[in-house]
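In what follows, a structure is listed as structure tokens, so that the remarks can point back to it.
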């Protein structure tokens, strides 16, 4: 996301708002579709509603958990991103993505009490994707619904975010249950948070540009011990591994000269995690507000500026669906920590052709830190390669 994963999700929601909300309000309340082997043309710019009247991220704010795991409807945009790498005892590897996006339709000052159970000032979108490495297959789906009549929403405490029967809900202080099912795929997982909430940037305040309020509140759960089952057709697999969660809320804007971003999350076998993102500009340079977080085995986050790390592209892959050319192998270095990593996709084709097109997929990691070999898994998100992402919010 697009997250800073940051920016990814803001733009996802912005594009989705311009394309889908009229259809949602005029027709169905919930829809889903598969995106395998489809091709779409990426819109360069879509009209987005005026952001006046919404809260903005100007500085760090007090955060309390689990309350702040839920929705913040005073902000225009919010998302909850779950990704993970899972293995069977026999060595089969899977990657998964389950993400939920909330978009406000009107600012808080214009909201009125309405009696209809269908009335809403919030719209939700969700993406569900599965990478089946042994079969060399990638599956992806999307759904959208109004935040009314129990169709979709986010609450806390206890924390729950859902869209129809796709959901993540808290079942104890540090444990969560995740479920998604579509066509022949079903994902049922239990997640246990080992390190607790990680605040990115400055105590959760993650600045993305030089304009006031061009920032988000950015919280992660970087090491979620995971076990459960994946069912594909009639085959059911017991799996274990680790998941990652990003939660952001903001009322923000992309700069006119920003065309996309590359976001990385790494879970290393020495107990540490790394999140990095590059914001790419039209002239090919990297925006100075690109940044990241290093989380040591003890769970203490260290903010990384653009000067603290480098990401070198070692190979590319061209999509047969969108014809976009994506980076497809990387060298990532954090010199101050003597970290030098090579990052490779588990399979090349992990492109989502949904309402808009982007690449997000499972990656494997090998490298060294302080002269010692380290291995790991992660996720990478790449946007703006099938068309520039830009807009005002």
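Read-outs: derived from the displayed coordinates by stated rules, not from any lab. Source: prediction; values computed, not measured. Here the Cβ is made from the backbone with ideal geometry for all residues, glycine too, and neighbour counts use every protein chain on show.
The modelled label-to-label distance between residue 65 and residue 149, using points 7 Å beyond Cα along the C-beta direction, is 3.6 nm. Take 152-164, 190-202, 53-65 and order them by the average number of nearby Cβ atoms within 10 Å per residue, most first; the result is 152-164, 190-202, 53-65.
Quick one: in region 126-224, what % of C-alpha pairs are over 21 Å apart? The partial results should precede the final answer.
On the way: 2529 of 4851 pairs.
Above the 21 Å cut-off, region 126-224 has 52 percent of its Cα pairs.
Sorted ascending by nearby beta carbons within 10 Å, beginning with the fewest, 246, 121 become 121, 246.
If packing is taken as the average number of other Cβ atoms within 10 Å across a peptide's residues, how do 339-349, 358-368 rank, most packed first?
Details: 339-349: 18.9, 358-368: 21.6.
Order by mean packing, descending: 358-368, 339-349.
For the pair region 178-217 and region 244-280, the centres of their Cα atoms are 10 angstrom apart.
Extension gain residue 210-residue 340, at 0.36 nm per residue separation less the Cα-Cα distance, in nm? Before the final figure, lay out the partial values.
Details: separation 130, 0.36 × 130 = 46.80 nm, distance 3.03 nm.
Separation in residues times 0.36 nm, less the Cα-Cα distance, equals 43.8 nm.
What the Cα atoms of region 66-207 give is an Rg and a Dmax of 16.8, 56 Å.
How big is the Cα convex hull of region 146-189 in projection, averaged over all directions, in nm²? Can you show the working numbers first?
Details: hull surface 13.5 nm².
If you wrap the Cα atoms of region 146-189 in a convex hull and average its projections, you get 3.4 nm².
Rg and Dmax, both from the Cα atoms of region 259-393 and both in Å, are 15.0, 46.
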